[in-house]
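One structure below.
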Amino acid sequence: MPQFSFPKICLYKIKDLIKHVKRSRSSLTDQKLQPTLKDLLQNKVYLAAFHSYLQSEFSDENIEFWLICENFRATASQENLQPKARRIYKEFIRPSARKEINVDHYIREEIKKSLEKPGTRCFDEAQRHVYLLMERDSCPRFLQSDAYMRLNQKSRTIWCI
């Protein structure tokens, strides 16, 4: 085996340079560190970007429904529940609604029945269904989109000496 010998001065320079280098994450690590849908929904910047992305795909009704359900669940007054529930049903659940979400007939009928005396959890099944749709379909596409790449590029660490 040949032995390489470097002058000591060269090794010291290299060690000194290495100390001052900021390392970026490898692409493999970046994939593991990509945000989940839960992360996107909890971060205002990512949420706004995700919402804009869904608008560009004409599927923003999903995120809007999820957000309005979160707001509905936080409703404290029992007398406000029924009017809010009826508005949500009319806008998102009813067949041919303006922003109709993709839920099955069974979920739709259960919500319709619950409108007489709605509880804060009456939209949970539909919200869970929409969340899974976004998690499996919209979120992965968003994470591969130019919009996310530009947003992510701003916070990425690069090699610098």
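In the structure shown, the pairs Lys38/Lys99; Lys38/Lys84; Lys38/Lys117; Lys84/Lys112 are assessed against 20 Å; a Cα-Cα span above that value is assigned to Lys38/Lys99; Lys38/Lys84; Lys38/Lys117. Here is the size of the range 64-161 from its Cα atoms: Rg then Dmax, 18.0, 66 Å.
Ordered by 1.4 Å accessible area with all protein chains kept, Leu33, Leu41, Leu54 run largest first as Leu33, Leu41, Leu54. When you restrict to C-alpha pairs under 8 Å that are six or more residues apart and normalise by the size of the range 27-161, the relative contact order lands at 27 percent. Rolled with a 1.4 Å probe across the full set of protein chains, the surface gives Arg128 an accessible area near 120 Å².
Both radii were evaluated on the Cα set of the range 36-81; the Rg over Rh quotient, with Rh as the Kirkwood radius, amounts to 1.08.
Length available on full extension from Gln78 to Gln34: 0.36 nm per residue minus the Cα-Cα distance, which gives 11.9 nm.
The simple spin-label model puts a point 7 Å past each Cα toward its Cβ; for Glu100 and Ser56 those points are separated by 2.8 nm. Taking 0.36 nm per residue of separation and subtracting the Cα-Cα distance, full extension of the segment from Glu70 to Gln153 would add 26.9 nm.
Relative contact order for the range 83-161: 19 percent, from Cα pairs under 8 Å spaced at least 6 residues apart, divided by residue count.
The values are calculated or read from the model by the stated rules, or taken from the named source; none is laboratory data. Model, not experiment: these values are computed from the prediction. Ideal geometry is used to build each Cβ from the backbone, glycine not excepted, and the neighbour counts take in all protein chains shown. To get the accessible areas, we keep the full protein, side chains included, count just its heavy atoms, and leave off ligands, DNA and RNA. Shrake-Rupley method; radii C 1.70, N 1.55, O 1.52, S 1.80 Å.
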